Each structure stands twice: as structure tokens, then as C-alpha cells.
Amino acid sequence: MVRVSGPDALAITAQFFHASLPFEQMHSRQLYFGRITDGKMVVDEGLCAIFRAPDSYTGENLAEISCHGGILVSSRILQIALDLGARLALPGEFTQRAFLNGKMDLTQAEAVMDLIRAQTPLALRAAALQLEGAIGRETETARTKLISILAHVEAFIDFPEEGIDPDTGASLLKRISELRERLEALLATADQGRLLREGMRIAICGEPNAGKSSLLNRLLGFERAIVSHIPGTTRDTLEEHISMEGIPVHFIDTAGIRETMDPIESEGVRRALMAANKADLILYIVDASSQSIPPPPPALSKDKLHRIWNKIDLLPSPFSPPPEEAAISCLSGVGIPKLIAQIVKWAGRPADCGQFAAINARHQSCLKRACAALERAEQQLKIGAELAAIDLRLALDAIGEIVGVVDNEEILSSIFGSFCIGK
């Protein structure tokens, strides 16, 4: 598809797309068959839909030409449009124009990229909710409440002779506190947002021959890592990506952790420890059938480590691990479904994934500043309304940044610069 947007979009398109009707008689949002020419010869046949401003994706006049998908054909049509006065769109420019023309707020614009990058149905659903305006509506509600509070306080400051009641201290403090709690609830979705957008990194660690590579292969459902009875087979980290109950997971298979004089294996152990401590979760695999099971190395972070007992099929009796551990057999597959459920639980998947849209890192930064400013305002209000008004204004600015109700070119450039050319 070749998309042309702007005041002259229809005039330019009319010069190279020729349907049975002239452009002035073509209806918006309907497909028309026609020939695409360069002024001398027919380049292709295709379909064209026009959207007259402001009823288009960008809010401007817009034409979308669907042609045959060959590289030469589409490149030739694009060049024809450029020769007639159009220019190449910048990354994210179509969506940026939609934002600037009031077709969507900034959270919805960001959701377009989240939608494109979604790797799982769960991430897709969260992005769709954000595109529908879930975060924007919540933020706008908070802005409206804060504007009401700020207006009351500033009216009291600016017109003291009018006898305006600044609201009773307890009542105003309660309104600010309730607003802060509402923002903190939205802020609490940040971890889920990172999980859905970036996925979870899980390192599989343990001693040699504990079954690390076997577990990776079992979770992936195919033979990805080399499995051997010879200790030290895995010398470097190996990464694979899968979707686990809607959560993108990046598994990292690591070298067996042990003391060794082999310089190559020693480097593998160093990389294993480094990868494990950078991961979100560590699955520490131990051989349940071993006579001696040493504790995990002190170098591994204990806060995110979960011990996995492997080879339970070799035990004479059933084995029940502690709640934060799991028991499996990579050979037979026993315990693998339960382990997957445990991993999802450890990841902190929300109870009702279909009903929320999670904030991203930029939203998180804005909300943190807003909550801090509201907390200061609560304290300052006990001293004087003038000091509280300053922090309330800072909170309002921070919340406004979320939906783009600020004039900050740096924020806009950063967001839209990550888009692909076609959007």
C-alpha cells in the first residue's frame, strides 16, 4: 500500500490514479478500481480509497493505493508520487499527524506501535485496550479532578477579599489523597506493562548434568540445545523465545556452574552467573537423585531464584517440593505443566488480563512525579494554600504529559522516532 496524506494528497493522487470516476465524484471510504500511470504508460492496476479531512486516520486529506506487492512495482508508484510533489514520510509521521490533529491522544499513538510489536495475544489485547483510550480516559479523569482542586485553591489565593472558602482542610486533603491513590493504582500496572511489552528473561542455571539444556528443550517442544552426559557441554549462553500462557518469555540456557581449571569453561561459568543476575527469574536446576546437593552459589541473586528438582523419576518415592520450588522429570515430562503454571505465577500475571491496559516506562515516570507532587501538596496544605498550589500545578503538568497535553517537542520526537516508516 502507498499512503499519501496532506492538503494536496488527493490532487497528487488524481494525477497518477485513474478510475472510471473523476476524484471529485469519488466517495470517501469506498474502494475504486483503476490504472496507475506515470503519464506515459500504465505501471499497474489497483484499488484506491480516499478519506477527506477531517475524517481520516491523520485528520488530513488521505489516499491509500493498494497495488501489486512486487518491489519494483511499489517502488515505481512511490517514485511517481514523489515526482508529483509528495515527500517520504518520516518514521511515525502519519500517527504523529493524527495526534497533532486531535485524532488520538499520546497514549493511543503509543498503542499503535505496541499493537505492531505485540508478540502474544495478551500483549495484543492490552495494546488494543490502550488504543481504545483506556489509559487516556483514566488519565483525563484524574486531570479533571486535579484541575477542580487546583482551581479552588488558586481562586482562594487570587481573590481573598471574596471570602472564597478554600474547602475545609480535611475535605481537601481527602480529595488529594484519593486522587493520589488512584494514580498509584495506575502506576502499579507498570510491571505488567513491561512484562507484556518486553517479556520476561528467565535464566536456567545449575551444576553440570543437572538437566538445564533438557529443560529448555522440553519447554520449547523441540531439540534446541545439545544434550550430553559429558559435563561442560554447554559453554556459552543460549537464548530462545516462546509465549507462555500469553506472556513472552526469553529463556537463557547457561553453562554448568562449577569450579574448573579449563579457561574456556571458566569463561562460560562467568557468563552464566552474569546472565542469571541480569534475568528476571532464575530457575536453579538440581539433580534430585544425587547423593549430595550443594546450595546455590552465593553469587546468584537469592531474591529471584527458584530451585527446580529434576530427575524425580529416579527417586524411589514421590517427592513434594516446598511452595516456591518445583519437581520435574525432563525425561518423562512429569511436572512440566505444573512448572509452567508456577513460572506464570512467579511472573505475576494479572488475574483478569482482558480488562486492563498497562502503562509503559514513560507513563510511569510521569505518574511518579505526579504522585510525589501530590504527596508534597498534602504536606504543604497544612502550612498554606500558596505552597500547595505550586505542587498541584506540577502534578497537573506531569499528568498532562501522559496524554500529550503539553508542548514538549522532545517527548514527541522520542516517541514517534521509534515508529516504522509506514506508520
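The values are calculated or read from the model by the stated rules, or taken from the named source; none is laboratory data. No experiment lies behind these values; they were computed from the predicted model shown. Quick reminder, even Gly has a Cβ in these numbers, built from the backbone with ideal geometry, and neighbours come from all protein chains shown.
Which one is farthest from the chain's Cα centre (by Cα), of the residues in region 102-146 that are of a type in the set (Val, Ile, Thr) and within 15 Å of Glu401 (Cβ to Cβ)?
Ranking the candidates gives Thr139 first.
Of the listed requirements (1) surrounded by 13 or more Cβ atoms within 10 Å (Cβ to Cβ); (2) in contact (Cβ under 8 Å) with a residue 60 or more places away in the chain; (3) out of contact with any Phe, Trp or Tyr (no Cβ under 7 Å at 6 or more places or on another chain); (4) under 30 Å from Gly193 (Cβ atoms), Lys278 misses just one: (1). In the set (1) touching a helix residue (DSSP H, G or I) at 6+ places or on another chain (Cβ under 7 Å); (2) loosely packed, with under 15 Cβ neighbours inside 10 Å; (3) not in a loop (DSSP other than H, G, I, E, B), Ala299 fails one condition alone, (3). Tell me the residue from Glu162, Glu178 that is at pLDDT 90 or above, assigned by TED's automatic domain parsing to the domain that holds Ala373 and surrounded by fewer than 17 Cβ atoms within 10 Å (Cβ to Cβ), please. Only one candidate qualifies: Glu178. The condition of being at pLDDT below 85, assigned to a loop (DSSP other than H, G, I, E, B), surrounded by fewer than 16 Cβ atoms within 10 Å (Cβ to Cβ) and acidic (Asp, Glu) holds for only one of Glu386, Glu324, that being Glu324. Across region 248-266, the qualifying residues are those that are out of contact with any strand residue (DSSP E or B) (no Cβ under 6 Å at 6 or more places or on another chain) and not in a loop (DSSP other than H, G, I, E, B), and the one among them that is modelled with the highest pLDDT is Pro248.
Can you confirm whether Gly92 is of a type outside the set (A, V, I, L, M, F, W, C) and in contact with a Pro (Cβ under 9 Å, 6 or more places away or on another chain)? No, not satisfied. Those strands (runs of 3 or more DSSP E) of region 1-58 in which 2 or more residues are outside the structural domain of Leu82 (by TED's automatic domain parsing), at pLDDT below 95 and out of contact with any Asp or Glu (no Cβ under 8 Å at 6 or more places or on another chain) are absent. Considering each residue of region 251-294, count those that are in contact with a helix residue (DSSP H, G or I) (Cβ under 6 Å, 6 or more places away or on another chain) and among the basic types (Lys, Arg), and give that number. So the answer is 0. Examine region 354-377 for a residue that is touching a residue at least 12 places away in the same chain (Cβ under 8 Å), farther than 30 Å from Gly404 by Cβ and of a type outside the set (Gly, Ala, Ser), and state whether such a residue exists. No - not one qualifying residue is present in region 354-377.
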